[in-house]
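Trainee: Below is one structure. I have some questions about it.
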């Protein structure tokens, strides 16, 4: 018997019978373990997220590959992000998401997602910037 492109579902006990003879074997299919990774294209396209202060939610979604599914940890300016009414995060089989509700001035800055499993880890960052943020100093040049 030959099993082509085996999957985890093919694992189990197999029996072969030929007239009065009978033999059994146990097949275990294992998925190769891989460290988490994020494509360089994502990092090139998602490093800055612009949002209107106090008017918009931000969702930072980081697609990844790796097995077993990695654990995701989020950091803001180097400190762990805690789940609150304004900040929540989830992880699925292929992406990690951070949602920030109605972003204010003190929530703008760099967010880092650290993905890790038993094979390794990877970190990627995105910076949330505010649209319409006033400048503390205004320089006026008068020609004359």
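Bear in mind these aren't lab numbers, they're just calculated from the coordinates by the rules spelled out. Given the structure is predicted, the values throughout are model-derived calculations rather than measurements.
Trainee: Suppose a student asked you for the relative contact order of the chain, using Cα pairs under 8 Å spaced at least 6 residues apart; what percent would you report?
Mentor: 25
Trainee: Just to compare against my own numbers: the Cα pair-distance distribution for the chain, 10 Å bins, whole % per bin, please.
Mentor: Spelled out per bin, shortest first, that is 10, 28, 21, 14, 11, 8, 4, 2, 1, 0, 0.
Trainee: Using a 10 angstrom cutoff on alpha carbons, build the Gaussian network for the chain and name the most mobile of 91, 60, 131.
Mentor: 131
Trainee: What fraction of the DSSP beta bridges in the chain is antiparallel, stated in percent and rounded to the nearest 5?
Mentor: In the chain, approximately 90 percent of DSSP beta bridges are antiparallel ones.
Trainee: Multiply the residue separation of residue 28 and residue 105 by 0.36 nm, subtract the distance between their alpha-carbon atoms, and state the gained length in nm to one decimal.
Mentor: Computed gain between residue 28 and residue 105 is 22.3 nm.
Trainee: Compute the separation of the alpha-carbon centres of the stretch 16-45 and the stretch 69-133 and state it in Å as a whole number.
Mentor: 32
Trainee: Find the eigenvalues of the gyration tensor of the Cα atoms of the stretch 45-101, then list the square roots of 5 times those eigenvalues as equivalent ellipsoid semi-axes, largest first, in whole angstrom.
Mentor: Value: 21, 14, 11 Å, ordered largest first.
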